[in-house]
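> Before I ask anything, let me first share the structure, which is written out below as structure tokens.
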Amino acid sequence: MTQHRITDDLEALLEVLPTNIRHAVEKINNSDRLLEIVIDLGRLPSARFVENELTLLDKEITRADIDHITERIGNFDADNRAGMERTLHRISAIRNRRGAIVGLTCRVGRAVYGTVDIIQDIIESGKSVLILGRPGVGKTTLLREAARILAENKRVVIVDTSNEIGGDGDVPHPAVGRARRMQVSQPTQQHEVMIEAVENHNPEVIVIDEIGRELEAQAARTIAERGVQLIGTAHGQTLDNLLLNPTLSDLIGGIEAVTLSDEEARRRGTQKTVLERRSPPTFDIVIEIQTRDRFAVHLDISASVDSLLRDAPVPPELRTRNAEGKILIEKAAPAPKSKMEAKEVKAQRRARQTDPVIEEHSPTPNQTPTMLTSPLQTVRVFAYGVARNRLSQAAKRLGVPAVIVTDVDEADALVTLRTYYRNREQTVMDAEHRGMPIYVLRANTVAQVEQFLGDLYNISEQHHPRDSMESVREETQHAISAVLNGERWVDLPPGTSLVRRLQHELARNAELVSHSYGKEPRRHVRIFRE
């Protein structure tokens, strides 16, 4: 059974309350369940618990009561929150139109040790994790302990916007362990501090509470693409909520409307306009805190979002903690496939059966020197300036055993961008001097990353034996030029999903429209004007 140790420094909070309110709180039997004390001018004070709310006194709050509290706590920041040094308590103010404080919410801050055990394996996996849940369910508590545990072996930086994770004052609360804490002067500047943390302090993990603005979502994507693990929380209770939030949906890939041709719509069995995921998600895993002892875990965000958009949601993994403290894990059952999906799987299977045998390939202009691999050989790849999450997701999509490592000394190959290679970056040059294969990408895009893995495992030659991916790119550019010069449309030769994805991306970059037609293995892309 897991033992939870709780430290709440409740006495420190009681000391700032008026004497009559303090005595009323001390008489409460279940003070360990106390969430916050609510004090509003001209109303009766109350105490909120997990289950209910209790009136503390039959005497209304006066201006003197509010002044008594505000004089004994820290200054209120731009987000109308104040704290108490060396504690985790938070006092939030409600002001009138003239700026005077007319209400206070005194949140009891507790450091709870032992709550992260239910998802500790996920936290320690190195994957970026986004935690959702309603207010008061324990997101910040979980975040605080995750930071403490990860800081035992990694460089952890907490971006603490409201001082809820590390407490008020210049010295962080002991509950965060060895993690370093960066405070944010203005809530609107949180995204800048997030980027500053990466650029200045070399973290392996960044912990963020309450990602709520578009700039913060963009900063989170930038951080993830630099290979830093993210542990954060966001407004919203479920994955569905987040997907429909236009500000934060980018955290899980975002959505966009795509217009299909009549043939494609019939093939899929859908309407002509459908919703699809716009890009790879920033976070790898989403955890929904349903109750303090019940968690729903989406272990593959890409698959979960895609299935939601197809109205066939994949059930999440359920993790619960019973009365004895034992953790029970109910694995997600595979979602039943529709008839159309079953047909697609069969078509892909037939296509794979007709693919030629992979042979060793010669070097492409994007790599130096050559690295020859067999299709089943595990290759440890170090990404320098290339998004690790995109590499991992691309490897999963292509079904290749590429392992993304965080230490260049453990790598079999290094992949970087043309800019870093031209600048003769020290890490790249050291790897080259040791004889490690260096792969150079033109840009940090999904197509380039997949092309790199295709070259590494000879997938390009396997699926497009008549030409390399470079030839596919040139062929597509010729088709784009023909359409821009007046052709109504151009049909490209059949290709695999990897080839078609590249063709679609090139057409989109040229502001043209492209659709896929036909069935595997003769499925092809048509490019035309809108």
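Read-outs: derived from the displayed coordinates by stated rules, not from any lab. Nothing here was measured: the structure is a model prediction, and the numbers come from that model. FYI the Cβ positions are ideal-geometry reconstructions off the backbone, even for glycines, and counts take in every protein chain you see.
> From the P(r) of the range 222-285, can you give the percent of Cα pairs sitting at distances over 20 Å?
When all Cα pairs of the range 222-285 are counted, 42 percent exceed 20 Å.
> If you don't mind, there's one more thing I want to ask. Provide, for q = 0.06, 0.13 Å⁻¹, the log10 of I(q)/I(0) from a solvent-free Debye sum over equal Cα point scatterers in the chain.
After summing over all Cα pairs, the log10 values are -0.38, -1.31.
> Is any residue of the range 43-79 close enough, with backbone N under 20 Å, to a label point placed 7 angstrom from the Cα of Asn96 along the Cα-Cβ axis, and if so, which?
It comes to 43-45, 60-71, 76, nothing else.
> Measuring from the lowest to the highest alpha carbon on each principal axis, how far does the range 5-111 reach, largest first, in angstroms?
So the three principal-axis extents are 42, 32, 24 Å.
> I've got another one for you. Stretch Asn509-Tyr420 to full length: gain in nm at 0.36 nm per residue minus the Cα-Cα span? Show your work: numbers first, answer last.
Details: separation 89, 0.36 × 89 = 32.04 nm, distance 2.39 nm.
Result: 29.7 nm gained on full extension.
> Right, something else. Using only the Cα atoms, work out Rg/Rh for the range 155-280, with Rh taken as the Kirkwood radius, to two decimals.
1.13
> How about the range 26-58: which trypsin sites (Lys or Arg not before Pro) there lie in a loop by DSSP and see at most 11 other Cβ atoms within 10 Å?
Counting only loop positions with at most 11 other Cβ atoms within 10 Å, the trypsin sites (Lys or Arg not before Pro) in the range 26-58 are Lys27.
> Note the full-extension length gain between Thr62 and Asp306 as 0.36 nm times their separation in residues minus their Cα-Cα distance, in nm to one decimal.
The Thr62-Asp306 span can extend by a further 82.4 nm.
> Right, something else. Using amide H atoms built in the peptide plane, which far-off residues or other-chain residues are under 5 Å from Thr87 H to H?
Under 5 Å from the amide H of Thr87 lie the amide H atoms of Asp168, each far enough along the sequence or on another chain.
> For Arg178 and Glu199, compute 0.36 nm times the residue count separating them, minus their Cα-Cα distance, and round to one decimal in nm.
Details: separation 21, 0.36 × 21 = 7.56 nm, distance 1.98 nm.
Between Arg178 and Glu199, full extension yields an extra 5.6 nm.
> Per-residue counts of other Cβ atoms within 10 Å, averaged by peptide: what ranking do you get for 185-195, 107-117, highest first? Before the final figure, lay out the partial values.
Working: 185-195: 17.4, 107-117: 20.0.
Highest mean packing first, the order is 107-117, 185-195.
> Then there is this: How much net charge surrounds Arg278 when only the other residues with a Cβ under 10 Å from the Cβ of Arg278 are counted, with Lys and Arg +1 and Asp and Glu -1?
In short, -2.
> Taking a cut-off of 16 Å between Cα atoms, list the aspartates and glutamates near Lys331, but don't count ones fewer than 8 places away on the same chain.
Partners found: Asp121, Glu288, Asp300, Glu317.
> Could you calculate, for the range 114-330, the ratio of the Cα radius of gyration to the Kirkwood radius, expressed as Rg to Rh?
Radius of gyration relative to Kirkwood radius: 1.01.
> Taking only Cα atoms of the range 152-205, what ratio of Rg to Rh do you get with Rh as the Kirkwood inverse-distance radius?
Dividing the radius of gyration by the Kirkwood radius yields 0.95.
> Describe numerically, in nm with one decimal, the distance between label points set 7 Å from Cα along Cα→Cβ at Val405 and at Glu152.
Distance between the two pseudo-spin positions: 2.6 nm.
> Here is a follow-up. Over 22 Å between C-alpha atoms is what I'm after, so list which of Lys27/Lys59; Lys154/Lys396; Lys272/Lys519 land there.
Numbers: Lys27/Lys59 17 Å; Lys154/Lys396 26 Å; Lys272/Lys519 18 Å.
As for pairs spanning more than 22 Å Cα to Cα, those are Lys154/Lys396.
> Right, something else. Name the GluC sites (Glu not before Pro) in the range 251-330 that are in a loop by DSSP and that have at most 10 other C-beta atoms within 10 Å, would you?
In loop regions of the range 251-330 (DSSP not H, G, I, E or B), the sparsely surrounded GluC sites (Glu not before Pro) are Glu324.
> Quick one: go through the range 68-93 and flag any residue whose amide nitrogen is under 15 Å from the point 7 Å out along the Cα-to-Cβ line of Val171.
Within reach of a label on Val171, which here means backbone N under 15 Å from a point 7 Å along Cα→Cβ, the range 68-93 contributes 84-88.
> Bins of 5 Å, beginning at zero and ending with the bin holding the largest distance: percent of Cα pairs per bin for the range 469-528, please.
4, 21, 35, 25, 11, 3, 0
> So for each of 403-413, 473-483 I average, over its residues, the number of other beta carbons within 10 Å; can you give me the resulting order with the highest mean first?
Per-residue mean Cβ counts within 10 Å order the peptides as 473-483, 403-413.
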